[in-house]
Amino acid sequence: MRFRRKSSEISFVDELPDILIKTLMSLEVESLVLIPGERILFQSSGINVFGILKDERIINEDLMALIRVVRRTHETHRGSLEVARGPIGSGKRELKVSVTPLNDEGMVLILLADESEARRIDAVRRDFVANVSHELKTPIGALGLLSEAILGAKDEPQEVIRFASRMHNEAKRLADLVQEIIDLSRLQSSDPLQKAFSVEIIDVVREAVDQAQFSSEQRGITIEIGDIENAIVIGDREQLITAVHNLVENAVNYSPENTKVSIVTRRNGDLAEISVTDQGIGIAEGDLNRIFERFYRVDPARSRMTGGTGLGLSIVKHVALNHGGDVKVWSKIGVGSTFTLQLPIAEDEEGKSE
Ligand code: ADP
């Protein structure tokens, strides 16, 4: 953890005992020392990622309220804060916070630790067990029944072939499902903003389209890359490609043959938007707010036919939220759908990387 001294307030810094500075520097958690007038004397550099500071001021109301209580009572108070991971979307961080009075003049020490990681790992474990028991039982049951059917039909080669090919399909389904559950668990247990890299939107789109080329050609669907406004976002390139790829695959899977799927990207204020539009079957309004749930399918039979697992969109949603972004959908039955992935841009006005 790097430690930052604020040069403008160096006189205050000098008033702080060396031993406090060294202690703060050795802590695993992030720290802030605040004096009245809400001026920051010290801040550990990792604190910026929490989004509670802007222009060297605390902008989180809950934290300010806690500080006021501490100043009034002259006692340490602990609590938790929920802060947004990015400017949009419902992605949250859960911070554990403690505020301690350092003197009678209102100087306070704020310690912050990110609890999201521990919570997420817990959730991953719980979800994984639930998913496995729920979703894997069906294909495993089917495999059991089919193997019995083969044994029963061992003298009828045609029947054996029929059952064996169904077994093959079920086994493939099972493999796909297991892979997606593993992908989703990995996503839930990683924070792409912690080992963040600059990723170019245009690169993500090209790669995702390349990966969908084979299945779209097979179904006679043209994927068209339309207007592309490039932008740089911070995050995990592979995860972003997976998210866009899932949107493109869905657009292909839920469209009739000989239609078009198009992708455009644009900058909208602080957001980079990637939109995937199809001329497919569309989604009824009542289903729109459920399709991002794990294993939710509007038409399970159709989803099964195209090799769907019901996890694709929940993976997209996870990637979006983990990156401090979101995913939106517009759809009309019989007309088509547009899914838009929104991600915070990591550039300044001139388009240069920060
Ligand atoms: P699946 O593996 O079943 O495709 P997803 O999580 O990717 O699962 O999508 C959930 C459901 O949302 C799908 O089963 C389908 O009913 C609906 N859906 C997703 N994308 C589209 C689309 N582009 N057009 C129409 N329906 C869609």
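Observations
- Residue 198 paired with residue 172, simple spin-label distance in nm, labels 7 Å along Cα-to-beta-carbon: 4.2
- Amide H contacts under 5 Å for residue 261, placed H, 5+ residues apart: 222, 223, 224
- Among 87, 300, 157, the largest mean-square fluctuation in a Gaussian network model of the chain (Cα springs under 10 Å) belongs to 157.
- Remark: relative contact order (the chain) = 14 percent; criterion is Cα-Cα distance under 8 angstrom and separation of 6 or more residues.
- Mean projection area, nm², convex hull over Cα of region 120-190: 4.5
- In a fully extended conformation the segment linking residue 90 and residue 105 would gain 1.6 nm over its present Cα-Cα distance, using 0.36 nm per residue.
- Using a Förster distance of 22 Å, the FRET efficiency for residue 179-residue 158 (Cβ separation, nearest 0.05): 0.10
- Taking 303, 90, 165 in turn, the Gaussian network model of the chain (Cα-Cα springs below 10 Å) assigns the largest fluctuation to 165.
- Taking the helices alone, the chain has a mean residue ellipticity at 222 nm of -14000 deg cm²/dmol, built from -39,500 (n - 2.57) per DSSP H run of at least 4 residues and averaged over all its residues.
- For the chain, hydrophobic long helices are taken as DSSP H runs at least 20 Å long by C-alpha position along their axis with mean Kyte-Doolittle hydropathy of -0.5 or more; these are 137-152, 157-188, 201-218, 237-253.
- Radius, Kirkwood style, for region 192-269 when every pair of distinct Cα atoms is counted (Å): 13.1
- Convex hull (Cα only) mean projected area of region 2-114, reported in nm² to one decimal: 6.9
- Amide hydrogen proximity for residue 228: with H placed 1.01 Å from N in the peptide plane, the residues at 5 or more positions away or on another chain lying under 5 Å are 265.
- Values of log10 I(q)/I(0) for region 204-354 across q = 0.19 Å⁻¹ run -1.18, by the Debye formula with one identical scatterer at each alpha carbon and no solvent.
- The chain: radius of gyration over Cα atoms, expressed as a fraction of 2.2 N^0.38 Å: 1.26
- In this view, the solvent-accessible surface of residue 137, computed with a 1.4 Å probe and all protein chains in place, comes to about 140 Å².
The values are calculated or read from the model by the stated rules, or taken from the named source; none is laboratory data. Treat the numbers as computed from the prediction; the structure is a model and nothing was measured. Note that we place each Cβ from the backbone using ideal geometry, even for glycine, and neighbour counts take in every protein chain shown. Accessible surface areas use protein heavy atoms only, side chains included; no ligands, DNA or RNA. Shrake-Rupley method; radii C 1.70, N 1.55, O 1.52, S 1.80 Å.
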